[in-house]
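Notes follow the structure.
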Amino acid sequence: MLVAKNIHFCIQSRPIVYNADLNLEPGQMTALIGPNGAGKSTLLKILSGDIACQHGQILYNGMAIKYLSSQELARIRAVMPQHSQLSFPFKVFEVVELGLLSLSVRNPQKIVKEVMEETQTWQLKDKLYAQLSGGEKQRVQLSRVLAQIWADADTPRYLLLDEPTSSLDIAHQHQVLHIASKLKKKNIGVLAVLHDLNMAAAYADHIVMLKNGNIFQSGPAAQVMTSENLFHVFEHPIEVHQSISYHGTYIQSLPINRKNVSIKIA
């Protein structure tokens, strides 16, 4: 299990994350939601080890993150940040191979091909990464991250995704979250920062709501994603509906002109 206890992080004495507690179970997908500036990306960076934990404790499978070497950490968690920059003229296949640099795995070429086929990027393998569209780059980066945790392992592992559906069209948004959801069967816990509330409701088992650096609510998606909670967090009228025809929950926001606009997730 990935456990965060009493995480507190400040920048110039201003709290960005305040006394946050979070548990991520292997085989569970958790979505971090909240308005801009709520502290979602900062919390994810702290959990991943990209930002040093100033106060509190982070445990990976019972081991404090501060005692794990970068190579040990790479074996149990993979991270996809919001933005990834490459200054070298790598081909797409080479970018995905970077996910295996810290690992010793059998059949690395097989793993690279499998993850690229999963993300529908295999046809791009010989192209230069810099020549891809934003959405294509996003899926290639996902392939790189997946390669890091793709091989089966006895130890629980974790995938941390910061806005993985940005720059993607609706079909590829579903594809990415479907892939992430399938990883649960590999004894992997998935934590994703998401802005699309319908996507969070459709794919996440567990929801963590952040506002002003505080965790306002945390729990099963069906219990946490209520109109009252969403209104409190986003300060905007939002309705939550259960739909048999759409196989679950859909979120309906109410524009300022009061004409209802709903997006239904099949």
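Only the coordinates and a few stated rules stand behind these numbers; no lab work does. In this text, all values refer to a predicted model and were calculated from it rather than measured experimentally. For neighbour counting, all protein chains shown are included, and Cβ atoms are generated from backbone atoms with ideal geometry for every residue, glycine included.
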- Of all DSSP beta bridges with both partners in the chain, the antiparallel percent, nearest 5, is 60
- So what's the gap between the Cα centers of the stretch 185-215 and the stretch 78-114, to the nearest angstrom? 25
- Whose amide H sits under 5 Å from the amide H of Arg77, counting only residues 5 or more places off or on another chain, with H placed in the peptide plane? Tyr158
- Which order, highest average first, do 73-86, 11-24 follow once you tally other Cβ atoms within 10 Å for each residue and take the mean per peptide? 73-86, 11-24
- Packing-ranked peptide list from 26-33, 137-144, highest mean Cβ count within 10 angstrom first, is 137-144, 26-33
- Message: Ignoring everything except DSSP H segments at least 4 long, calculate the 222 nm mean residue ellipticity for the chain; use -39,500 (n - 2.57) per segment, divide by total residues, nearest 500.
- Response: -8500 deg cm²/dmol
- Message: Treating only the Cβ of Lys, Arg, Asp and Glu as charged (+1, +1, -1, -1), what charge dipole size does the chain show about its Cα centre? Round to the nearest 20 debye.
- Response: 220
- Task: Could you compute the FRET efficiency for Leu59 and Leu128, with r as their C-beta to C-beta distance and R0 at 41 Å, rounded to 0.05?
- Result: 0.50
- Nearest-ten-degree value, helix 134-149 long axis tilted from longest Cα axis of the chain: 70
- What are the aspartates and glutamates whose alpha-carbon lies under 20 Å from the alpha-carbon of Lys211, with same-chain residues fewer than 8 places away excluded? Asp21, Asp162, Glu163, Asp196, Glu228, Glu235, Glu239
- Message: Under the rule a/c < 1.5 gives rounded, and otherwise a/b versus b/c splits prolate from oblate, where does the stretch 2-263 land using the Cα gyration tensor?
- Response: oblate
- Task: Of the options Ile215, Gln148, Ala192, report the single residue whose Cα projects farthest towards the positive end of the charge dipole of the stretch 2-263 (beta-carbon charges: Lys, Arg +1; Asp, Glu -1).
- Result: Gln148
- For helix 108-118, report the angle its Cα long axis makes with the longest principal axis of the Cα atoms of the chain; keep it between 0 and 90° and round to the nearest 10°. 30
- Mind giving me the nanometre distance, one decimal, between the label points for Glu72 and Ala222, set 7 Å out from Cα along Cα→Cβ? 4.0
- FRET efficiency, 1/(1 + (r/R0)^6) with R0 35 Å, evaluated for Ala153 and Asp21 via beta carbons: 0.85
- Across the stretch 227-241, in residue order, what do the Karplus-derived ³J(HN,Hα) couplings come to in whole Hz, using 6.51 cos²θ - 1.76 cosθ + 1.60 with θ = phi - 60° and x for Gly and Pro? 4, 5, 5, 5, 5, 4, 6, 9, 6, 8, x, 9, 10, 10, 10
- Going by C-beta contacts inside 10 Å, put Trp122, Trp150 in order with the fewest on the left. Trp122, Trp150
- Item | Potential lengthening between Phe231 and Gln120 on full extension [0.36 nm per residue; Cα-Cα distance subtracted] | 36.3 nm
